[in-house]
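Okay, structure first, notes after.
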Amino acid sequence: MDLGLTEIQQMLKNSAQEFLGRECPPTLVRELEEDPRGYTDELWRQMVGLGWTGLPFSEEYGGTGGSFMDLAILLEEMGKALVPGPFFPTVVLGGLTVSDAGTSQQKWDILTGICDGSLLLTMALTEASATYEPWGVETTATAQGGHYILNGTKLFVPYAHAADILLVAARTSPAAGSPAGSSKGITLFLVPTKSSGLTVEVLNSIASDKQCEVLLDQVSVPQDAILGELDQGWPVVHRALQRAIAATCTQMLGGADAIVDMTVDYVTQRTQFGRPIGSFQAIQHQCARMATDVEGCRNIVHLATWTVSEGIPSEREVAMAKAWTSQAYQRVCTAAHQCHGAIGFTKEHNLQLYTRRAKVLELSYGDVETHREAFFQQIENL
């Protein structure tokens, strides 16, 4: 296992860093927090033009055939720049899941649209319980003629207001010998957002990151809208969650790295008592601890993304990465605020943008306690 970057991956990282530094500055991030859509068509078109939306998909669909590790490199830079928009839900949650479980026709119809930027997707999984376990899926899909009728409410669905298609997890066979809450009897459906009976409302969140509530009221979809196999959707969801968790960790790594750079720059310029505050040992130790946390994150996250990319069992590495990186990102944020003082809390300063995003990412796809428990279950079984 080589966790170093290849020459091509380093070029991808450098080009992404240069592009995002130029086209997605903090001023744009602030503007898009207040924007109802949460992204701009211009930035999206530029990302599509660079081939980013097609990075992990086969060339036959218009992609570049990159690996999950390649995608992780890009997502790390996006986390560093706090890039808003539907890239993560479309590519990570939607596209990779279709690539994993879709029919030949579904892959052609959807992946070509993702690669050329004409199609936006997201996954509608969590509900009132906010859990990422199968027992939290209470939305139902009832067979009726040649269709399925979906009823239920999904919460915290990223960029559902902008999506063309939702990947909806619903219960299709609660009475087929499987108890309520079991992983059996869950099916994934491809549901167009323009379907009759489907409504979307953007929720308020600490990071203004466009999470949505989706109401499904007698929404009818044909049988060929099933993604994967009937009643066997949870293994597909589980694999999608493993990818999403690893990808979220890369974003946290990028954000924490940016905070360290920001803080070191600040403490070398801010003067007090006639000298830069970075000359004081207490500040130096804070920065050293922050940098150590980032390097720890880098190693643990790269291990998790490598296991996912290689297609080998990744539950242990992914749970470990999410539990560790979530807390490390919070520690870095706290230390940065202590070094910056009051100015770091002001709306005009960039630090608070990262602090708010860090809390959202910490809770996304399972919190620290959830992943500690998952990790313990993995080492218990060794």
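Tabulated values for the structure
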{"quantity": "Ranking of Lys154, Lys359 by count of other Cβ atoms within 10 Å, fewest first", "calculated": "Lys359, Lys154"}
{"quantity": "Residues with amide H under 5 Å from that of Val219, placed H, sequence gap 5 or more", "calculated": "Leu150"}
{"quantity": "Approximate shape of the range 7-118 as ellipsoid semi-axes (Cα gyration tensor, √5λ), whole Å, largest first", "calculated": "24, 17, 11"}
{"quantity": "Relative contact order [Cα under 8 Å, 6+ residues apart], the range 271-382, whole percent", "calculated": "28"}
{"quantity": "Full-stretch length increase - Glu380, Leu155 - with 0.36 nm per residue and alpha-carbon distance subtracted", "calculated": "77.7 nm"}
{"quantity": "Alpha-carbon Rg with Dmax, taken over the chain, Å", "calculated": "21.2, 80"}
{"quantity": "Residue-by-residue Karplus 3J(HN,Hα) for the range 333-344, coefficients 6.51, -1.76, 1.60, Hz, glycine and proline x", "calculated": "4, 4, 5, 5, 5, 5, 6, 7, x, 4, 4, x"}
{"quantity": "FRET efficiency, 1/(1 + (r/R0)^6) with R0 25 Å, evaluated for Ser279 and Thr346 via beta carbons", "calculated": "0.55"}
{"quantity": "Residue-count net charge about Thr97 - beta-carbon cut-off 13 Å; Lys, Arg +1, Asp, Glu -1", "calculated": "+2"}
{"quantity": "Taking the chain and dividing mean pair separation by its residue count, relative contact order in percent (alpha carbons under 8 Å, at least six apart)", "calculated": "15"}
{"quantity": "Among Ala72, Trp52, Tyr159 the positive-end extreme of the charge dipole of the range 50-165 (Cβ point charges)", "calculated": "Tyr159"}
{"quantity": "Distance violations [Cα-Cα > 29 Å] among Lys13/Lys154; Lys107/Lys154; Lys154/Lys322; Lys194/Lys359; Lys13/Lys194; Lys13/Lys210", "calculated": "Lys13/Lys154; Lys194/Lys359; Lys13/Lys194"}
{"quantity": "Highest to lowest packing among 318-328, 50-60, scored as the average C-beta count within 10 Å", "calculated": "318-328, 50-60"}
{"quantity": "Gyration tensor verdict on the range 222-271 (Cα atoms; rounded if a/c is under 1.5, prolate if a/b is larger than b/c, oblate otherwise)", "calculated": "prolate"}
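Bear in mind that the values in this text are calculations on the coordinates, not laboratory data. Since this is a predicted model, take the numbers as computed values, not measurements. Methodologically, a virtual Cβ is constructed for each residue, glycine included, from the backbone with ideal geometry; neighbour enumeration extends over all protein chains shown.
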